[in-house]
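The values are calculated or read from the model by the stated rules, or taken from the named source; none is laboratory data. Here the structure is a predicted model, which is why all the values come from computation and not from measurement. Virtual Cβ from ideal backbone geometry, glycine too; neighbours counted across all protein chains shown. Side chains included, ligands, DNA and RNA excluded: accessible areas come from the protein's heavy atoms. Shrake-Rupley method; radii C 1.70, N 1.55, O 1.52, S 1.80 Å.
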Amino acid sequence: MAQARASLARSAAAHGVLILYTAIALFPVFVIVVNAFKSRRAIFSEPLALPTPATWDLVGFRTVLQQGDFLLYFQNSLIVTVASLACVLLFGAMAAFALSEYRFRGATLMGLYLALGIMIPIRLGTVAILQLMVASGLVNTLLALILVYTAQGLPLAVFILSEFMKTVSDDLKNAGRIDGLSEYTIFFRLVLPLVRPAMATVAVFTMIPIWNDLWFPLILAPAEATKTVTLGAQVFIGQFVTNWNAVLAALSLAILPVLVLYLIFSRQLIRGITSGAVK
């Protein structure tokens, strides 16, 4: 009886901490979305209040769609994010399969080298990256952002996926080889379907920093034709006057892709996190 009560108390404490953390994490999102539908005066007078018929105002969304080329910014962000995510998942999964499946000289050092990419922020190499993009003629192109974000996401992808691929049964892969399957067929048809939770986990943790990034779009692609959503929202922020209705409306619209991605991968994401915790 005493053990059951202690276990219940620990569970309640853990859930309480998680609920508190969730509330703290969602509070800024709540403030942004709620105030995006209110008038400017209501934003500053009652920032935490829900919109009412007296304070309801869609001027921010009208400004975003009329003054700023938000649809172009949104399209650029989608192209960069989807392309970068596809490259990270494909190349990361292939590298993880090679490191987990094959034994060769330098495999351990290569794994440690990739792990360094997680510990060392890529922004430390901003000057060198900018010089490389200038020399390659890729400044003010979406390709520059795709290459940088792919390099940024690969270390974490390889680290996570390699650990999951080590748990795939060797008997299954050897049976495929006996049946005459190529290594590519074994990888795409046998291994990848079994590590879908890990792929979903990598997709979520890779997509969010790319979508929310302001640093590299500001440095590598500041032209009007290549602006992303986060950079495009800056057009409503002036040195002396800021259109907060438009800024909050732009940020609210920018939240939608992240929410959609979570709804798509939520089940696989939870499975990946819980299975990783069990291991």
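Would you please give the FRET efficiency between residue 264 and residue 128, computed as 1/(1 + (r/R0)^6) with r the Cβ-Cβ distance and R0 = 51 Å, to the nearest 0.05?
Calculated value: 0.90.
Can you give the angle from 0 to 90° between the axis of helix 142-165 and the longest principal axis of the chain, with both taken from C-alpha atoms, to the nearest 10?
Result, in degrees: 50.
With a 1.4 Å probe and every protein chain kept in, tell me what percent of the accessible surface of the chain is carbon plus sulfur. Don't jump to the answer; show the numbers that get you there.
Details: 11600 of 16560 Å².
Solvent-exposed carbon and sulfur of the chain make up 70 percent of the total.
What per residue convex hull volume, in Å³, do the alpha-carbon atoms of the chain yield?
On the way: hull volume 56.5 nm³, N = 279.
For the chain, the hull spanned by Cα atoms encloses 203 Å³ per residue.
Which chymotrypsin sites (Phe, Trp or Tyr not before Pro) in segment 71-107 pass both tests, a DSSP loop state and at most 16 other beta-carbon atoms within 10 Å?
Values: sites: 73, 74, 91, 97, 102, 104; in loops: 102, 104.
When the chymotrypsin sites (Phe, Trp or Tyr not before Pro) of segment 71-107 are filtered for loop state and at most 16 Cβ neighbours within 10 Å, 102, 104 remain.
Collect residues whose amide H, placed 1.01 Å from N in the peptide plane, falls under 5 Å from the amide H of residue 38; neighbours closer than 5 in sequence don't count.
Correct list: 57.
Near residue 214, within a Cβ-to-Cβ distance under 12 Å, what is the net charge of the other residues, with Lys and Arg +1 and Asp and Glu -1? Numbers along the way, then the final one.
Numbers: positive: 123, 227; negative: 213.
Every neighbour counted, the sum reads +1.
Just to make sure I understand: if all protein chains stay in place, what is the order of 185, 201 by accessible area at 1.4 Å, largest first? Walk me through the numbers before you get to the answer.
Details: 185 35, 201 15 Å².
Solvent-accessible surface, decreasing: 185, 201.
Go ahead and estimate [θ] at 222 nm for the chain from helices alone: -39,500 (n - 2.57) per DSSP H run with n ≥ 4, summed, over the residue count, rounded to 500. Please report the intermediate quantities before stating the final value.
On the way: 12 runs with 200 residues, N = 279.
It lands at -24000 deg cm²/dmol.
Relative to the longest principal Cα axis of the chain, at what angle does helix 244-278 sit, 0 to 90 degrees, rounded to 10?
It is inclined by approximately 20 degrees.
Counting other Cβ atoms within 10 Å, which trypsin sites (Lys or Arg not before Pro) in segment 85-132 have at most 13 and lie in a DSSP loop? Write down the numbers at each step before the final one.
Details: sites: 103, 105, 123; in loops: 103, 105.
Counting only loop positions with at most 13 other Cβ atoms within 10 Å, the trypsin sites (Lys or Arg not before Pro) in segment 85-132 are 103, 105.
Once Rh is set to the Kirkwood radius over Cα pairs, what Stokes-Einstein translational diffusion coefficient, in µm²/s, holds for segment 138-262 at a temperature of 20 °C and a viscosity of 1.002 mPa s?
Values: Rh = 17.5 Å.
So the translational diffusion coefficient is about 122 µm²/s.
Which length gain, in nm to one decimal place, applies between residue 71 and residue 115 when the Cα-Cα distance is subtracted from 0.36 nm times their residue separation?
Numbers: separation 44, 0.36 × 44 = 15.84 nm, distance 3.72 nm.
Fully extending the segment from residue 71 to residue 115 adds 12.1 nm.
What ranking do 33-44, 186-197 get when scored by the average of other Cβ atoms within 10 Å per residue, highest first? Can you show the working numbers first?
Numbers: 33-44: 18.8, 186-197: 17.2.
For the peptides 33-44, 186-197, the packing ranking is 33-44, 186-197.
Figure the gain on full extension for residue 169 and residue 20 (residue separation times 0.36 nm, minus the Cα-Cα span) and round it to one decimal in nm.
49.7 nm
Kindly report the accessible area of the chain per residue (heavy atoms of protein chains, probe 1.4 Å, no ligands, DNA or RNA), in Å².
Details: 16560 Å² over 279 residues.
Accessible area per residue, the chain: 59 Å².
Please give the contour-minus-distance gain from residue 140 to residue 190: 0.36 nm per residue of separation, less the Cα-Cα distance, rounded to one decimal in nm. Walk me through the intermediate numbers first.
Values: separation 50, 0.36 × 50 = 18.00 nm, distance 4.02 nm.
Full extension of this stretch gives 14.0 nm more.
Relative contact order (percent) for the chain, with alpha-carbon contacts under 8 angstrom and 6 or more residues of separation?
On the way: 264 pairs, mean separation 78.6, N = 279.
Reported relative contact order: 28 percent.
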